[in-house]
Every structure is written in structure tokens, then in C-alpha cells.
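Novice: Sharing a structure, written as C-alpha cells. Questions coming.
The values are calculated or read from the model by the stated rules, or taken from the named source; none is laboratory data. The structure presented is a predicted model; accordingly, all values stated were derived computationally and were not measured. Here the Cβ positions follow ideal geometry from the backbone for every residue, glycine too, while neighbour counts run over all protein chains shown. We work out accessible area using only protein heavy atoms, side chains counted, and drop any ligands, DNA or RNA first. Shrake-Rupley method; radii C 1.70, N 1.55, O 1.52, S 1.80 Å.
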Amino acid sequence: MSVVKINVLTVAAEQREVLEQRFASRAGAVEGSDGFEWFELLRPVDGTDKYLVYTRWRSEEDFQQWMSGPMQAAHRGGAGGGSGSEAGGERPKPAASDSSLWSFEVVQQAAPKLG
């Protein structure tokens, strides 16, 4: 069965729109990655400052392959130098102040019944 990765992002109220805009305009490389099955950005509605970035993968190996390739390339140029400063502009400040990654294996699933 599949694996689920949930990135838990702490986002201040004044940075919510920034975070959502960045995800809306992302390059979309994850959608073409081998083994990728699903993505959702979940906005908090119960008073918390935690956004959840939900991705589902065919296997742990597929997720690790994406992490070591396309994901690193998409995030290159942050603090510590990189292509952002070489192009004459600075990389924008992160919208999230903290993050942690939760990992799960799918052991049961259900879909709506048709008919």
C-alpha cells in the first residue's frame, strides 16, 4: 500500500496568504514525479496556526527519490546562497516559522460506493 507524508507548517496569520500564493504558483514538479499519487494543502480552521501539506506516494522509495531530486532542486537557493542571489534577487523569507514531517503507511482505505 501507499505511504503518506504530512508536512506540518507553523504559519503566522499575516503569512497565510503568502504561503497559499506560493503553493498556488509552485512549479508543479511533484505532479510528474514517479510514484506520486496525491497532494493537498490544508488550511487550519479551528484556531491553530498549523497548515498541513498532505502528499501520498506509491512507496517510501518513490518519496525519497523525489526528496533527493526534484524537491531539492525546487528549494535550492535558500539561506546559504544559491541561484536566487546569483540572479540579482534575494530568495523570499519563508512563510512558515517551523515545520515537521509526519510519515504513515496506508493500512486501510475506502472510497464512496457507486450506484
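Novice: Could you go through the stretch 92-102 and let me know if any residue there is at negative phi, modelled with pLDDT under 90 and either more than 14 Å from the chain's Cα centre (by Cα) or open to solvent by less than 50 Å² (accessible area, probe 1.4 Å) (or both).
Specialist: Yes, because at least one residue in the stretch 92-102 is at negative phi, modelled with pLDDT under 90 and either more than 14 Å from the chain's Cα centre (by Cα) or open to solvent by less than 50 Å² (accessible area, probe 1.4 Å) (or both).
Novice: Restricting attention to the stretch 1-27, report how many residues are part of a loop (DSSP other than H, G, I, E, B), closer than 24 Å to Arg91 by Cα and either open to solvent by less than 30 Å² (accessible area, probe 1.4 Å) or touching a residue at least 60 places away in the same chain (Cβ under 8 Å) (or both). It would help to see each step written out before you state the result.
Specialist: The first filter runs over the stretch 1-27 and keeps only residues part of a loop (DSSP other than H, G, I, E, B), leaving 1-2, 12, 25-27.
Okay, now just the ones that are also closer than 24 Å to Arg91 by Cα, so 12, 25-27.
Add one more test, that the residue is either open to solvent by less than 30 Å² (accessible area, probe 1.4 Å) or touching a residue at least 60 places away in the same chain (Cβ under 8 Å) (or both), and what stays is 12.
Qualifying residue count for the region: 1.
Novice: Select from the stretch 28-60 the residues that are over 17 Å from Asp98 (Cβ atoms) and of a type in the set (Ser, Thr, Tyr) and write down the one among them that is most open to solvent (accessible area, probe 1.4 Å).
Specialist: Selected residue: Tyr54.
Novice: Out of all the residues in the stretch 26-48, which are among the basic types (Lys, Arg) and over 11 Å from the mean Cα position of the chain (by Cα)?
Specialist: If the condition is that a residue be among the basic types (Lys, Arg) and over 11 Å from the mean Cα position of the chain (by Cα), then Arg43 is the only one that fits.
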